[in-house]
Amino acid sequence: MTTLKEFEDALREQGMNMALAILERLRQRDRATRSAAPPRRVRGTKMTPELARQILELHRTTELTQQEIAFKLGVNQGRVNEVIKHGKWLSGDQNAPEAVARDKALARAAKASRRASGGPRAKVGHRASSAERKPRTPGPQAQLTLGEF
């Protein structure tokens with residue numbers, strides 16, 4: 001496969017000035033119409049039935065890809081696919097499988113966050129009784145002899 005630079009060099013060697021002029025005009029046109037790429041995902045938008053309907057509407061009325069719809073609405077492309085292919089998130093039912101899964105994931109994240117930040121711990125000075133303590137399992141022990149000193 002040839003690079004654009006190699007192609008341009010070959011055109012120069014062959015003296016194809018018209019082709020080089022066309023190539024330059026195409027570059028200028030592309031520079032003039034080029035815009036900054038949209039941000040991938042500035043913020044996570046919470047999936048709602050309204051957002052799901054908006055996804056379906058864009059899918060039905062435009063030629064946008066799932067990825068482009070996701071960029072436009074600020075959601076994950078996988079969520080767009082779930083709405084289009086599986087009809088998820090179209091009802092406001094809190095007992096819908098996707099809503100239950102979301103709530104469980106949020107609860108797990110909150111629990112992990114509390115654990116990482118040193119959430120609730122045992123009271124200082126509280127000593128578990130011998131019945132409450134877990135029995136210790138002996139680990140590998142090293143023995144030293146006087147001859148090793």
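The values are calculated or read from the model by the stated rules, or taken from the named source; none is laboratory data. Please read all numbers here as calculations on a predicted model, not as lab measurements. As a convention, Cβ positions derive from the backbone with ideal geometry for all residues, glycine included, and neighbour counts pool all protein chains shown.
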**Report entry** Among (1) at pLDDT below 80; (2) assigned by TED's automatic domain parsing to the domain that holds ALA105 - the single one ARG41 does not satisfy
**Finding:** (2)
Report task. Of all residues in segment 71-90, count the ones that are in a helix (DSSP H, G or I) and either in contact (Cβ under 8 Å) with a residue 12 or more places away in the chain or not assigned by TED's automatic domain parsing to the domain that holds LEU56 (or both). Result -> 9
Requested in this report: Examine segment 91-103 for a residue that is aliphatic (A, V, I, L, M), at pLDDT 85 or above, at negative phi and not in a helix (DSSP H, G or I), and state whether such a residue exists.
Outcome: no
